[in-house]
Amino acid sequence: MNFSDTLLRWYRSNKRDLPWRDSKDPYKIWISEIILQQTRVDQGIPYYFNLIRQFPNIQVLSEASEQSILNVWKGLGYYSRARNIHYTAKYVVQQLNGKFPCTYKSLMDLKGIGPYTAAAIASICYNESVPAIDGNVSRVISRYYGIEDAVSTSVFKRKIQLISEQLISQNAPGDYNQAVMEYGAVICKPLAPKCEICPFYDSCFAFQNNKITILPKKKKQIKKKMRFFNYFHLVLPNNMIVIKKRLKEDIWKNLWELPLVECDKLLDYNELKTISFLNGLHQETVVLKGRKDFIHQLSHQTLNIRIFTINLSNSDFFSEKEYTFVNQDDNSYPFPRIIENFLKTY
DNA sequence: AACACGGGGAC
DNA sequence: GTCCCAGTGTT
């Protein structure tokens, strides 16, 4: 039996029971694939249930507010995905009469859908024979066929694409695509792959050449940017706090946070008094209650975060600006994890 | 081609 | 600490 048939057989008797499996509803597959972009299955599953419950179909999603979608998405990261499914839902409902595109080519026109997701939806929902190539597929193929180019190069991508086009099942492209991914996630893992139970070990290039640990050749480590966020946790007499929406093209776009002074280092209270809005406030309206520091690691940034808790007896300064007042426990505003956790434990 | 974009799980 | 995840959009 050849590679694809062995893989398909393995898949059909070993596949995990995931919530979107056995569905061919393009809406559900679409949502699941967006969630799974750069996201582990285990992490995505609860979000899938929440999204489908709150937005059971594309019509409902298209009529929802972006904030309500972000509020379900909060904590999952890569928030452009949430903004894009909202944009695309509106586009499909309003411009395409609610009919979801059903070919690889037309799926590629949708915002948030790239080559991988278009192929996944086209193959799973519409039986189109196009390979869905993700990190799992790249790893499995590069190891088995000995593709030694760096994963980031176009040469690598072209080779994986070509091999995958040869391998994909014409009868069951959706199952084939999911089989390779599942195999990469469960057996041919990045670290400590289970070569001892792998049926392909005798013909696997990497295993035979002792290159399992170096294939696929990884991209070089990116250097993280260091950033310093000085936050103000401003508590009013009625126990409301001051928050603000992040609107810039930056991390956490369209999520909410506390009033922020970002600069090249963490500051102490006296330094902040001279450069921030604190300068314009009367001494007696502001009482410093506490200070907490955090280090929040993102993939591309290290966030040094300092949060000052301050009792504020007069909110006039904030009422005329782009600030909002909410209860501490109001959960209708999507906060980044670090802010959400801080407010929850405060 | 390189970079920005989150958060968390596994080691 | 490091790695990297069912990738996409932008420059």
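Electrostatic tally near A:Thr302: other residues with Cβ closer than 12 Å to its Cβ, Lys and Arg +1, Asp and Glu -1, net +4. Annotation for segment A:199-216 versus segment A:308-338: alpha-carbon center distance of 55 Å.
Beta bridges from DSSP with both residues in chain A: antiparallel share about 65 percent, rounded to the nearest 5. Measuring between alpha carbons in the structure, the pairs from A:Lys74/A:Lys220; A:Lys292/A:Lys344; A:Lys159/A:Lys217; A:Lys24/A:Lys99 lying more than 18 angstrom apart are A:Lys74/A:Lys220. Label points 7 Å out from Cα along the Cβ direction at A:Asn304 and A:Glu271: separation in nm? Rounded to a tenth, the inter-label distance reads 0.8 nm.
The relative contact order of chain A comes to 15 percent, based on Cα pairs under 8 Å that sit 6 or more residues apart. Each of A:Ser129, A:Val60, A:Met108 was scored by the projection of its Cα onto the charge dipole of chain A, and the greatest displacement toward the positive side belongs to A:Ser129; charges sit on the C-beta of Lys, Arg, Asp and Glu. Note on segment A:3-208: Kirkwood radius taken over Cα pairs, Stokes-Einstein applied at 25 °C and 0.890 mPa s, translational D equal to 138 µm² s⁻¹. Eigen-decomposition of the gyration tensor built on the alpha-carbon atoms of segment A:225-345 gives equivalent ellipsoid semi-axes of 22, 18, 13 angstrom, largest listed first.
Where only DSSP H runs of four or more residues are counted, chain A gives -12000 deg cm²/dmol as its mean residue ellipticity at 222 nm, each run worth -39500 (n - 2.57).
Residue separation of A:Leu96 and A:Thr285 scaled by 0.36 nm, minus their Cα-Cα distance, works out to 62.5 nm of gained length. The order of A:Thr117, A:Thr285, going from fewest to most other C-beta atoms within 10 Å of their C-beta, is A:Thr285, A:Thr117. Tell me, what is the FRET efficiency for A:Thr324 and A:Ser203 to the nearest 0.05, using R0 = 45 angstrom and their Cβ-Cβ distance as r? So the FRET efficiency works out to roughly 0.15. Segment A:8-37 and segment A:39-110 have Cα centres separated by 16 Å. Any idea which of A:Leu298, A:Leu96, A:Gln161 is furthest toward the positive side of the dipole for chain A, if Lys and Arg beta-carbons carry +1 and Asp and Glu beta-carbons -1? Result: A:Gln161, furthest along the dipole toward the positive end. Model label points for A:Thr103 and A:Asn14, set 7 angstrom from Cα along the Cα-to-Cβ axis, are 3.6 nm apart. With each label modelled as a point 7 angstrom along the Cα→C-beta vector, the A:Ile251-A:Gln67 pair spans 2.4 nm. Test of understanding: express the Cα radius of gyration of chain A as a ratio to 2.2 N^0.38 Å, with N the residue count. That ratio works out to 1.21.
Laboratory data are not the source of any read-out in this text; all were calculated from the coordinates shown. The structure presented is a predicted model; accordingly, all values stated were derived computationally and were not measured. FYI the Cβ positions are ideal-geometry reconstructions off the backbone, even for glycines, and counts take in every protein chain you see.
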